[in-house]
Amino acid sequence: MKTTVVEVLILLAIVAQPVFLFYFLLYNSYTLWLVALSALRVRRRVAGHFIEDLDLIDLGDLTKPLTMIVPAFNEEVTIVESVSGLIQCDYPRHEIVIVSDGSTDGTLERLARAFALRRTDIPYRGAIATARIRGMYVATVQLPPGVMQVLVIDKENGGKADALNAGINASTAPYFVSLDADSILDERALKELMRVVQEDPRVVAVGGQVAIANGCTIRNSRVVEIGLPARSLARFQMVEYLRSFTTGRTGLDHMDAILVLSGVFAVFEKDTVIRAGGYLTPFVRHRLTEEYVGGGVGTVCEDMEIVVRLHRYLRDKLHQRRIAFLPHPVAWTEVPETLESLRKQRGRWYRGLRESLRYHRGMLWRRKYGRIGWFALPAFWIFEYLGPIVELSGYGLVLFLVVMEQVLKVRFINSDFLWAFLLASLGYGVLVNMCAVLVGAWRFRFGLADRLQRGLLPFSRRRDVLVLLLYAVLENFGYRQLTLYWRLRGLWDAWRGKTGWEKFARVGFREGVAPAHG
Amino acid sequence: MSSLAIITIVASVLLGVGVLAVLVWVGHTSYLNFIERRLARRKGIYRELVAELAAREHALLEPELHRVATLLDFEALEAVLEEQARGTTDRPSWLLEVYDRLGLLDKYIDRLRTARRWRERAFAAELLGRVGNAKAVPALLATVQATRTEDGDVREIALRALARIADPRAVDELVASLRTADPWLAPRLADILARHGVLVVDPLVTFLNEPGRHPARAWAANVLGEVGATQAFPALARGLADPDDEVRAKSATALGRLGDRRALAPLLEHLLADPAPFVRARIAGALGRFDGPEVIDHLVRGLGDPAWWVRMRSVEALEQIGARAEGPLLSALEDADPEIRIRAAAGLERLGVPDVLVTLIERGDRLPEVMETLAKFAGAGAGELMSELLAHPSGSVRAAAVAAIRRGAPPDLAMRLLATVRDDPDAAVRAATLEALGAEGAGSAEASLVAGLRGARDSGERVRVITGLGEFPDEHTRGTLMQIIHADPSPEVRSAALAAVRGMLEAEDRIDLGRSALDDPSLLVRRAAVGLFAGMAPERAFPPLLRALRADDDPAVLASVAELAEAAFPAFADLALRISPDGPEALLVAQVARYVHHPDLPRLLPALARSGSAEVREAVAALWRHRPGVVDGRALEELTLDPVVAVRREAAGAAAGAGAWPLLARMAEDPDAEVRREAALAMAGAPRLPGAALATLAHLADDQEMAVRAAAYVGRLLQGTPVPLPPGLDPAAAAGAVRTAAELPVLRETARTAAGEDRRLAAALALALLGDDVARDVARSDPIPSIRHRVSGALELSASAQEGE
């Protein structure tokens, strides 16, 4: 019996060792490749960012109007501050549509008090089916010249995607921007994204980097200084954001294969989104969504699903259009600072990823989808969807074999393999992290005038970057494995049929230093 | 080589690469900081020189330029000029002249043409946009048109530079480019041309008159409309008959913008005849800028157009025309499309038609006609208008609205609206409402409401039904409402049920219910619970209410209690004087008193201020801090000597609010640094301090604690004394004090516009501690050189302090 077990374990070790080693090498090389691509992109975009004449948007008659859609579900803590920030947003022609998605707290009351809302009838085009609308309100307070109107839609709960669809229906502008009620926009954010749309008519959607607000100095609803979060958990997430979002998405954008535009802040061409069926919800009854993903289904990560569906739609219809991404921060959001909140968030992201990938698996390995079908989607399947299973199995197997060696007094693991495995998974991972942090913190200098150093995340203190580099090293030892485990739990939840949002409780932005405790 | 050796080598390489990357980053940032600091030092003297150039008459620039051109450190001068160029969105003529005369313009044009690196070309293009003139236009146009060879970003930046330059001498060149422009470039060039104003009219009219189907001709028409070129009328009128759809559409819009009545005839002719629906829609839109019976007549015919957009634009144009177009808009209320109907209803509402209808109903004038119109509004789905009419104070208006809804509205809208007026005070309206609801009597109405309550999943609907249930106060209804109060998940519904059940309970039951509802997690419900204590004898209501209330409850709940207290102030005062000043009820009285504005309130507070409980004393001090009008001087003095630090801190704020400067002078000697700092901050935030208080601030500025010194220093700045940053004082601590004590918008306004130089400088120095943009503006553009210098210095000091951190 013992001989059989030993034989099986030896066979397992022989087969599994090169597989896991190869996987980790492949994964870290893929990430490093994206970091390298993003370094090129960042250099150019930071230069472009510096020399943009955004004030010209104010002067041109061709400036395109824009609707800012703010889905809000029980956001009474932050809603008035968020909307006040949006009203101040520097853009010459925009309207704000706040969609209270069946809020049960004082969201609507706080809005009504702050903006003197009045019930009204508006031309509402039900282009996308949504949950029932209860009422519409228009702000009667004096608005700055660039704000066309502030509209509040009160509807029954249908989820964030459904709220966005209601906002699209009420929008009167050709472009809309999806926003989170609890994020902070950069003052130039709208102009920067709309400049991309304005200058390149092929762009149907453009998103920007969403950075972590924890630890930043916030004044008048604006981030005025970038800082390091006080809590380690948020610092680890900062490293993760730099690796996966800042450099990962920028690298994919360099290949014209971006698959996710953060729901916190992205601009879309309204007609194209309507033609593609709108955001995916069980209420949507569109022929195209039924053809692509089937009817009556929703997703918890609508921001990824809509981007993948737009790619599919554009390529199916042979439209020569594209989806763009800006690497510098345009919006700031609060990240979870407790393990429980982070677990919920990661579980939800993973379920959303799984849904989007499964809905659009028909795009895999199809020539007409180009780099999306041949590179981006396969990479997401292998590294993002299957990654947690493979990586945790790798770590688990090594541990298991080490234990079995002690129990059975038989040598299963080649010590060379063990070192190579640790090097490929942890050592290489540390290097990738450090490169991602340095790409984010690298500064460039243009011109001769005063203080013209620019960077993607211009930390004001060099010490912050050095601390972040330390966290880039530590991230591989514990935190990373923990997030893999949470993602696996997300998969378990998905198998059990869980579909809820599990929204984490926000602290709300405070003037001065953003949520950062301790 | 063994496997282990290979692994060791690979690990060493990884480690080496990581360490090297970090070292390179450290070296790079150090280098950038070094060159920036070095250049900053060299720029100092040139700032004055350039400021003098800016102030000179154009004719006197020449000798100054000669002097400038002989300078040795040209790089530093260029840096200062670049700062000026970037510091403003205008293009001051002296700056353009200086750039041209010093040869910098030629330098950048040359760089745009020949630089090898894209970044240099992009930088040159951008700077040319800021300081260039017509001389730079050919090079920029060549860059824009080099689609096959030039970098996309550089071309885009060159386009923006062209838009910014807007030099009249470049018009011919730009129009020539428009003639050959690709479809993507034409709108951008049109935008640039429109910034040149009337100078572009003649060449564009010539272009528009040319035969052929070049797509850019449409953009020429667009620009002519944007610049309001009346002399382009004939060409634009001809454009309406152009074979190109786009030219016809843009000509129509341009003619609308010109507002020339000669355009009416061709526009009216094409409104019904043009084959392209989008051109007809544009023509309808353009007609909205005109008036006259023939325009209205044609727009009415536009309402019958099969194309949705033509009908929508016609409705919008009619609304733009105003009161004379009311009749046609009323007919649009019957359009087949619901969006057009609702758009017409919104337009009529803006024109004030419903107000006229209301007046007619109240006068009893032309009722059949009015009812017909109201029914049309209801039929168009104007739900909110009908809601407003149903809530109108006049019973006849509400009854007319009910009748109109029954006649015209779709059934679901009728039910929704009628549900909102179940509590109408007028029995006749209620009867009509119930009748409209299909109920045959009170009993069956109640039964149908309770049934509706069970079936209603939407909380708003439940609230409306509950409001209706309040009409039927009996045992059964009360039981139903009590169930809702205890079990419904929606706070709106629970609070509506509390309000509805109020009239059905005895005083004792109301107190019990109110006490339990004050534990509800929802603020809405707790506020409604306070309402249960209203309308009963105050002596009976206040004791249990205070016992059930939480001192840390939301201010909105405390304010609701304060409303009750204000309404029955004698009873509240009596209770406040009877209770123990040391107990938890005293704390509640102090919290509630903060929202009470009764004239006798001040006599309650001294006793509470002498409470044995520090919490109560602190609450009273906080009350006085926010309401200096009710301060009792002697009690406040005692609080400033309180043994508890938190109380003394609040008392410092109260003393500053009440202008008790001698008390604050004594608090400046307080043994606790926090209290001294609070005193300094409170004085800093006061509107204008007398001499004695300023002396106290000056005294605190020598305090041994850094935080106190920082607060006092900031206090002096905020009071308009532009003292320099004392040596050894941490700018970060001072910045923190500015954030706490100052209202930044006011401070910014002072720094920008105050007449007194000292006040302006002091405000800018305070802002400089924060690195605020307004301080930078002042450093760049304040008319007084010494202010600019001092604020620049303060900014550099605070920036270097931040770097040091």
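The numbers here are math on the coordinates, done by the rules we state, and not lab data. None of the values given here were measured: they were computed from a predicted structure. With ideal geometry, Cβ positions are generated from the backbone for all residues, glycine too; neighbour counts draw on all protein chains shown.
Per residue of B:32-45, what is the mean number of Cβ atoms on other protein chains within 10 angstrom of that residue's Cβ?
On the way: counts 6, 4, 0, 2, 6, 0, 0, 3, 2, 0, 0, 3, 0, 0.
Per residue, the average neighbour count from other chains is 2.
Helical content alone sets the calculated 222 nm signal of chain B at -22500 deg cm²/dmol, taking -39,500 (n - 2.57) per DSSP H segment of four or more residues and averaging over every residue. Applying 1/(1 + (r/R0)^6) with r as the Cβ-Cβ distance of residue B:8 and residue B:146 and R0 = 51 angstrom yields a FRET efficiency of 0.45. Sequentially through segment A:144-153, phi angles give Karplus couplings (6.51, -1.76, 1.60; θ = phi - 60°) of x, x, x, 8, 6, 6, 10, 10, 10, 10 Hz, Gly and Pro residues having no value and appearing as x. Per-residue extension of 0.36 nm, minus the Cα-Cα distance of residue B:550 and residue B:403, leaves a gain of 48.0 nm for this segment.
Gain on full extension, evaluated as 0.36 nm per residue between residue A:381 and residue A:393 minus their Cα-Cα distance, stands at 2.7 nm. Proximity of backbone amide H atoms, modeled 1.01 Å from N, is registered between residue A:75 and A:107 at under 5 Å, excluding neighbours fewer than 5 places apart on the same chain.
Structural descriptor for segment B:229-268: relative contact order 42 percent, calculated from alpha carbon pairs under 8 angstrom and at least 6 residues apart.
In summary, the lysines within cross-link reach of residue A:2, defined as a Cα separation below 20 angstrom excluding same-chain residues under 8 places away, comprise A:409. Taking a ≥ b ≥ c as the square roots of the Cα gyration tensor eigenvalues, with a/c under 1.5 meaning rounded and otherwise prolate when a/b beats b/c, else oblate, which class fits chain B? It is oblate, given that a/c is not under 1.5 and a/b is not larger than b/c. Sequentially through segment B:125-142, phi angles give Karplus couplings (6.51, -1.76, 1.60; θ = phi - 60°) of 4, 5, 5, 4, x, 7, 10, x, 9, 4, 4, 7, 5, x, 5, 5, 5, 4 Hz, Gly and Pro residues having no value and appearing as x. Here the label points at residue B:74 and residue B:41, each 7 Å from Cα along the C-beta direction, are separated by 2.4 nm in the simple model.
Summary of the geometry: segment A:97-120 and segment B:680-746, compared by the centres of their Cα atoms, lie 41 Å apart. With the Cα gyration tensor of the protein assembly as shown giving a ≥ b ≥ c as the square roots of its eigenvalues, does the rule (a/c under 1.5 for rounded; else a/b larger than b/c for prolate; else oblate) give rounded, prolate or oblate? Because its axes are fairly even, with a/c under 1.5, the protein assembly as shown counts as rounded. Once both labels are positioned 7 Å from their Cα atoms along Cα-to-Cβ, the gap between residue B:182 and residue B:507 label points is 8.7 nm. Cα centroid separation, segment B:92-139 to segment B:237-311: 45 Å.
Estimated from the Cβ-Cβ distance and a Förster radius of 30 angstrom, the FRET efficiency linking residue B:692 and residue B:600 is about 0.35. So how tilted is helix A:2-50 from the main axis of chain A? Cα-based, degrees 0 to 90, rounded to 10. Helix A:2-50 sits roughly 30 degrees off the main axis of chain A.
In chain A, the DSSP beta bridges split such that about 50 percent are antiparallel, to the nearest 5. Between residue B:796 and residue A:371, the simple spin-label model (points 7 angstrom out along Cα→Cβ) gives 4.6 nm. Amide H contacts of residue A:444 (H built 1.01 Å from N, in plane; Pro and chain starts excluded): A:454, A:455 sit under 5 Å, all sequence-distant by 5 or more or on other chains. You can think of it this way: the chain between residue B:372 and residue B:260 has 36.5 nm of extra reach, that is 0.36 nm per residue less the Cα-Cα gap.
Partners of residue A:64 within straight-line reach, counting lysines whose Cα lies under 30 Å from its Cα and excluding those fewer than 8 residues away in the same chain: A:155, A:160, A:191, A:270, A:317, B:250. Amide H contacts of residue A:179 (H built 1.01 Å from N, in plane; Pro and chain starts excluded): A:69 sit under 5 Å, all sequence-distant by 5 or more or on other chains.
Relative to one another, the C-alpha centroids of segment A:1-34 and segment A:173-222 are positioned 43 Å apart.
Rounded to the nearest angstrom and listed largest first, the equivalent-ellipsoid semi-axes of segment A:298-404 from its Cα gyration tensor are 30, 21, 12. First check a/c for segment B:495-604, with a ≥ b ≥ c the square roots of the eigenvalues of its C-alpha gyration tensor; if it is under 1.5, answer rounded, and if not, answer prolate when a/b is larger than b/c or oblate otherwise. Prolate is the answer for segment B:495-604, as a/c is 1.5 or above and a/b outweighs b/c.
What number, in percent, do you get for the relative contact order of segment A:305-424 if the mean sequence gap of Cα pairs under 8 Å and at least 6 apart is divided by its residue count? Walk me through the numbers before you get to the answer.
Values: 46 pairs, mean separation 22.1, N = 120.
Relative CO of segment A:305-424 lands at 18 percent.
The 3J(HN,Hα) values that the Karplus relation (6.51, -1.76, 1.60; θ = phi - 60°) gives for segment B:493-508 are, in residue order, 5, 4, 5, 5, 5, 4, 5, 5, 7, 3, x, 9, 10, 6, 4, 4 Hz. Gly and Pro appear as x. Enter the angle in degrees (range 0 to 90, nearest 10) between the Cα long axis of helix A:160-170 and the first principal axis of the Cα atoms of chain A, meaning the one along which they spread out most. The helix A:160-170 is inclined about 30 degrees to chain A.
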